[in-house]
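Enquirer: Attaching a single structure in structure tokens format; questions to follow.
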Amino acid sequence: MKVKRQKTCRKLMQLYCSSYNFREPYQLVMDGTFVNVALRYRLDLRSLIPSTLAAQVKLFSTPCVAHELRSMGKEYAAAAAACKQFEQRRCGHRFGTKASDCLKDLIGETNEHHLMIATQDKALRTHMRAVPGTPLVYLSGSVVVLEPHSQETLQHVQDTERAKTQASAVEKKMIEAVVREMANVNETPAAAAGVEDTGLGGAGAMPKRKKVKGPNPLAVKKPKKEKEAPAKKVKRKLDEVEDTAEELGSGEADKKGGKKRKRATKKRKLMAVAATVGGTAPAGDESD
Ligand SMILES: [Zn+2]
């Protein structure tokens, strides 16, 4: 049973940590009714509460609580003494303030100091449930119980989560401005062409689209290289062929230079062979 209770307490505290910024060690403020019942059952609150909540917990009381117990007579003198043994939370009240009012003031409307309240006072617990993010502890017999989340606590968590996902007031204004500009552009079709250049200052994607409009530069460059390079080569080799053709005395130069040069050397060899066989000396056989 104890392990199960620890598990439920841990789960309950998880929401307070994630949505209300509670951090260990938790700060628990006890009132006179809670300390009095604990005394009756002779409970060691310093060890019992941390073990039940499965977390580090600092126990507090307030001067107002001890004073109220003392004012209630000898019956509560032991409880008053027990309260004084815990760390006293400064409340700034004058003596005579009711303990319940003291705790209400400590929590305020938002529980900004992330306090937990331990009380047997049902009216006080009902009041505290209305403050979102206020964990409430009470004793059921000798068992420490952490109350489930109140409706107000859960509602507040839902509201804050919703607020996170929705656009803020500033974002809404920006969206409205953009929508208005878009509407103006659509009304004047002549201006639609200029939209990408000047139309929406805030829309950064529009100029990029214009850049993309042309053909893919990677697809264009490759054929250009293939077409341009051979043309230059052909020009160069045509010149070379013309030079060699003039040397050989054969006037006509074909367009395919690489093969032409090889043919030219072949012709030179043939001419050399013909000269040796026929006895006629050709003009360009000096290289052979
Ligand atoms: Zn006080």
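Enquirer: May I ask you to evaluate 6.51 cos²θ - 1.76 cosθ + 1.60, the Karplus curve with θ = phi - 60°, for each residue of the range 86-103 and list the ³J(HN,Hα) values in order in whole Hz, giving x for glycine and proline?
Expert: Rounded to whole hertz, the list is 7, 4, 8, 7, 5, 10, x, 8, 7, 4, x, 6, 5, 4, 5, 5, 4, 5.
Enquirer: I've got another one for you. If packing is taken as the mean number of other Cβ atoms within 10 Å per residue, what is the order of 98-104, 8-14, highest first?
Expert: 98-104, 8-14
Enquirer: Among Cys9, Tyr41, Ile117, whose Cα sits farthest toward the positive end of the charge dipole of the range 1-155 (+1 at Cβ of Lys/Arg, -1 at Cβ of Asp/Glu, about the Cα centre)?
Expert: Value: Tyr41.
Enquirer: While we're looking at this one, here's another question. Averaged across orientations, what area in nm² does the convex hull of the alpha carbons in the range 1-155 project?
Expert: The directionally averaged projection comes out at 8.4 nm².
Enquirer: Separation between the Glu242 and Asn21 pseudo-spin-labels, each 7 Å from Cα along Cα→Cβ, expressed in nm?
Expert: 8.7 nm
Enquirer: Another question about this same structure. Size of the dipole of the range 1-155 about the Cα centre, Lys and Arg at +1 and Asp and Glu at -1 on the beta carbon, nothing else charged, in debye to 20?
Expert: 500 debye
Enquirer: So how many Lys-Lys pairs in the range 1-133 land under 24 Å Cα to Cα, not counting same-chain pairs under 8 apart?
Expert: Summing the qualifying lysine pairs gives 17.
Enquirer: Can you tell me, using C-alpha contacts under 8 Å and at least 6 residues apart, the relative contact order of the range 1-155 as a whole percent?
Expert: 26 percent
Enquirer: With a cut-off of at most 16 other beta carbons within 10 Å, and DSSP calling the residue loop, which chymotrypsin sites (Phe, Trp or Tyr not before Pro) in the range 70-147 qualify? Please list them.
Expert: Phe95
Enquirer: Sticking with this structure for a sec: Name the residues whose placed amide hydrogens come within less than 5 Å of the amide hydrogen of Phe60, ignoring near sequence neighbours (fewer than 5 apart) on the same chain.
Expert: For Phe60, the qualifying residues are Leu28, Val29, Met30.
Enquirer: Give the peptides 121-127, 56-62 in descending order of average Cβ contacts within 10 Å, highest first.
Expert: Peptide ranking by packing, descending: 56-62, 121-127.
Enquirer: By average Cβ neighbour count within 10 Å, what is the ranking of 47-55, 139-147, 166-174 from highest down?
Expert: Descending packing order for the listed peptides: 47-55, 139-147, 166-174.
Enquirer: Follow-up. So, in Å, what gap is there between the alpha-carbon centers of the range 26-64 and the range 166-186?
Expert: Result: 55 Å between the Cα centres.
Enquirer: Right, another one. Which of the GluC sites (Glu not before Pro) found in the range 24-126 are loop residues per DSSP with 16 or fewer other Cβ atoms within 10 Å of their Cβ?
Expert: Here the sparse-neighbourhood loop sites are Glu109, Glu112.
Enquirer: Modelled label-to-label distance, Arg94 and Asp159, 7 Å Cα→beta-carbon offset: nm?
Expert: In this crude spin-label approximation the distance works out to 3.5 nm.
Enquirer: Please report, to one decimal in angstroms, the Kirkwood hydrodynamic radius of the range 90-151 built from all distinct Cα-Cα pairs.
Expert: Kirkwood radius, the range 90-151: 12.3 Å.
Bear in mind these aren't lab numbers, they're just calculated from the coordinates by the rules spelled out. These figures come from a predicted structure and were not determined experimentally. With ideal geometry, Cβ positions are generated from the backbone for all residues, glycine too; neighbour counts draw on all protein chains shown.
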